[in-house]
Amino acid sequence: MRGRCPQTILTDLDPGLRDAIRSEFPGTKHVIPHWNILYKVPCWFSPPLGSRYTEFKSEFDALFHIENTEEFEHQWRQMISLFELGSDKHTDLLYSVRASWAQAYVRGYFLAQMATIAYSKSIDAFLKGIFTAHTCLRSFFEQVCW
């Protein structure tokens, strides 16, 4: 990219992508869109929480909108304690990447509505029109970036 790094990159929860972004673009903000996390929450938390899942979902949704980090940290600890999720691998994962999804940590970064599900679906449809299972991504990026 001609020696420049993007200011923000949106990806899913893939830890390999997170690590690659940190390594290759240390000054770039990694953001995980709200909808990408909410898509996984039911399968991760509904079975272990059972009838308490609806209450948990409400508490979890509220975390996305907290605007300061101290309040987020406080509410997170309360939620984990209330639902006894202290040793859950999914809450550990979400907490470890909180700086990429929680509003308190991504405020101030320009996202241009890219974090919405409508944007993601439109990009997905566009890319499916360009790529096939046999497309060589290295070749594609060499063509468009040089």
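The values are calculated or read from the model by the stated rules, or taken from the named source; none is laboratory data. This structure is a prediction, so every number in the text was calculated from the model and none was measured. Quick reminder, even Gly has a Cβ in these numbers, built from the backbone with ideal geometry, and neighbours come from all protein chains shown. We work out accessible area using only protein heavy atoms, side chains counted, and drop any ligands, DNA or RNA first. Shrake-Rupley method; radii C 1.70, N 1.55, O 1.52, S 1.80 Å.
Across the stretch 48-64, in residue order, what do the Karplus-derived ³J(HN,Hα) couplings come to in whole Hz, using 6.51 cos²θ - 1.76 cosθ + 1.60 with θ = phi - 60° and x for Gly and Pro?
x, 8, x, 5, 8, 4, 4, 5, 4, 4, 4, 5, 5, 4, 5, 4, 4
Report the FRET efficiency, 1/(1 + (r/R0)^6), for Asn68 and Thr8, where r is their Cβ-Cβ distance and R0 is 30 Å, rounded to 0.05.
Plugging the Cβ-Cβ distance into 1/(1 + (r/R0)^6) gives 0.90.
No solvent, one uniform scatterer per C-alpha: report log10 I(q)/I(0) for the stretch 61-102 via the Debye equation at q = 0.21, 0.24 1/Å, two decimals.
-0.65, -0.84
Residues with amide H under 5 Å of Thr8's amide H, sequence separation 5 or more or different chain, H placed in the peptide plane at 1.01 Å from N; which?
Lys29
Express the accessible area of the stretch 22-108 per residue in Å², computed with a 1.4 Å probe while the remaining protein chains stay in the model. Please list the in-between numbers first.
On the way: 4800 Å² over 87 residues.
Per-residue value: 55 Å².
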